1. Got a number for the accessible area of D326? Probe 1.4 Å, square angstrom, nearest 10.
2. Which pairs, out of K375/K489; K385/K509; K68/K489; K68/K509; K348/K385, put more than 21 Å between their alpha-carbon atoms?
3. Per DSSP H run of at least 4 residues, take -39500 (n - 2.57); add these up for the chain, divide by its residues and hand me the 222 nm value, nearest 500 deg cm²/dmol.
4. At 4 °C and 1.567 mPa s, what whole-number value in µm²/s does Stokes-Einstein give for the translational diffusion of the chain, with Rh from the Kirkwood sum over Cα pairs?
5. Expressed as a whole percent, how much of the Cα-Cα distance distribution for region 464-535 exceeds 14 Å?
6. Once each part is reduced to its C-alpha centroid, what is the distance from region 186-252 to region 413-434 in angstrom?
7. If you stretched the chain out fully between V520 and E388, how much longer would it get, using 0.36 nm times the residue separation minus the C-alpha to C-alpha distance?
8. Report the FRET efficiency, 1/(1 + (r/R0)^6), for A193 and T4, where r is their Cβ-Cβ distance and R0 is 45 Å, rounded to 0.05.
Amino acid sequence: MPSTGPELNVLNVVLAAVPIAILIVTMLVSALKWSAPKAGAVAWLAAAGLALLVFGADEQVLAIGSSKGLSLSLFVLTIIWTSVMLYNVIERINGITVIGRTITGLVRDPLAQALVVGWAFSGLIQGVAGFGLPIAVVAPFMVMIGFRPATAVAITLVGHAWAVTFGSLGSSYYTIQLVSGLDERALGVQMAAMFALPTILTGFAVAHLQGGFASVRRGALAIVVMGAAMSLGLWITAFLGAFQVASVVGGLIGCVAGWWIFRLPIFGLRGENDGDDPPEAEPAAKAEGIGFHTAFLPYYLLFGLSLLSQLPPVREFGANLYFGLDYPPTETGLGFAVEGQDGYAKIKLLNHPAPLIVASLLIAYVVYRIRGHWKGGILRPAARKTYEQVISNSVGVATMVMMALVMTDTGMTALLGSAIAKGTGTLFPIFSPYIGVLGAFMTGSNTNSNAMFGALQVETAAALGIGLVTIAATQSIGGSLGSSVAMSKVMAGTAVVGLGGREREVLMKTIPYCLILVLVAGVQAWVIINLLGGA
């Protein structure tokens with residue numbers, strides 16, 4: 001916890017919470033129903049005013065914090081823009097129709113589709129690419145196979161949350177390990193083990209979103225088997241030290257297990273047309289003139305390029321190929337200091353998802369041209385539709401992240417974290433994951449949440465004399481589960497399924513599951529520390 005900065009007292013804590021309260025109230029209270037851009041703009045203005053009047057910021061601190069917010073927004077928004085454009089291009093060549101019908105042919109029962117596609121497959125994509133890509137990719141697929149748009153987005157948000165910490169090829173995990181200074185293996189192995197219960201419970205949450213308690217009862221056995229297989233794959237991969245592909249392995253195992261499980265009568269999820277009948281997608285593919293693998297080609301390329309980008313020679317070659325701004329150190333009038341940063345929120349040309357998505361689309365374009373699938377009038381309409389889908393959300397993301405960075409650089413965020421930690425005492429492990437949720441909600445990223453609060457959590461655990469590894473793991477688990485309510489991801493999902501401006505509808509579906517899952521994670525941490533003597 002910082003030794004300088006805003007004084008920890010009730011008035012300061014209440015004032016520091018005002019921007020977040022504005023954001024929550026204006027977006028969730030039905031009588032208001034503000035759009036994300038409007039809510040974000042007002043919350044940013046509130047944060048800026050409080051920073052200047054109460055928390056010792058001057059114009060330079062405020063300008064640098066806001067600029068950092070725009071830089072971080074650009075990091076996120078380029079992924080949203082390119083992923084939505086990729087989807088719209090594939091849709092223009094009728095590829096989305098073929099993909100949706102093919103997936104329906106593989107698992108035709110709606111509950112099985114929700115679990116395989118919305119839970120396991122979204123985790124697989126999170127493992128490879130992350131940064132909101134699972135939402136932008138999977139939610140439209142689920143709409144295509146018959147799910148209502150808001151339900152499709154909610155299922156994907158909750159369903160991919162188990163894979164976030166070890167997703168994006170380990171970015172969140174490596175962040176918490178670096179800021180905490182804990183042993184890499186000890187942290188990774190225990191964190192993977194602690195993810196087993198949340199992973200299985202996200203499956204039950206997906207089932208409940210799909211069909212209420214009837215689906216929970218009907219799918220209970222399949223969920224436990226799939227979840228156990230996914231969790232075991234995650235843990236074994238972490239035990240072997242391959243943290244960067246743990247979610248990839250877990251998601252792949254989940255997909256394969258699901259496709260086999262739901263063909264066995266014992267699970268009761270085969271669907272009325274399952275069995276040895278040929279998939280319905282094959283006639284559809286012929287009718288559209290394009291096969292599943294051709295339609296899915298850009299995503300195959302994206303997975304392959306993402307894996308290739310993580311090879312040491314590629315990472316080394318591309319280390320200095322990036323776009324990012326340098327920021328000087330700042331200090332408020334209350335003594336809260338922030339170190340200078342070079343290349344903040346780097347968009348690495350060989351590693352960032354947006355360039356990889358563009359490269360995948362360019363390669364696919366060549367293949368589609370050769371095979372005669374690329375007709376005139378595809379690119380411009382796709383670009384126009386992309387603009388219409390993302391413009392409002394882009395403003396919302398930018399203003400919210402600007403708010404978050406102003407709060408971070410003026411000590412308001414650290415003050416809130418300290419207040420939560422100090423106010424909970426021996427119950428701190430139960431509340432610890434909610435700090436992770438706070439960071440993910442504000443920034444849209446578990447990686448950023450770990451960077452903001454990881455050291456704070458470990459310092460608090462040390463002061464309380466409780467398990468450092470357990471609390472560090474719990475912080476990241478909370479941030480991972482908090483991805484289901486992260487505003488940037490919610491807005492990405494609503495944009496790509498045509499629900500722009502209806503973020504509240506999705507949040508009202510995901511918030512209850514997030515709060516329950518995070519509570520379970522907190523109780524699990526308390527049990528490990530107080531009853532099992534966890535480190």
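The values are calculated or read from the model by the stated rules, or taken from the named source; none is laboratory data. Since this is a predicted model, take the numbers as computed values, not measurements. Note that we place each Cβ from the backbone using ideal geometry, even for glycine, and neighbour counts take in every protein chain shown. Please note that ligands, DNA and RNA were not included when accessible areas were found on the heavy atoms of the full protein model with its side chains. Shrake-Rupley method; radii C 1.70, N 1.55, O 1.52, S 1.80 Å.
1. Looks like 100 Å² after rounding.
2. Over 21 Å apart, Cα to Cα: K375/K489; K385/K509; K68/K509; K348/K385.
3. Dividing the helical sum by the residues of the chain leaves -24000 deg cm²/dmol.
4. Using the Kirkwood radius from Cα pairs, D works out to 56 µm²/s.
5. Cα-Cα pairs of region 464-535 separated by over 14 Å account for 64 percent.
6. When both Cα centres are located, 27 Å separates them.
7. Going from the current span to full extension adds 43.6 nm.
8. Calculated value: 0.75.
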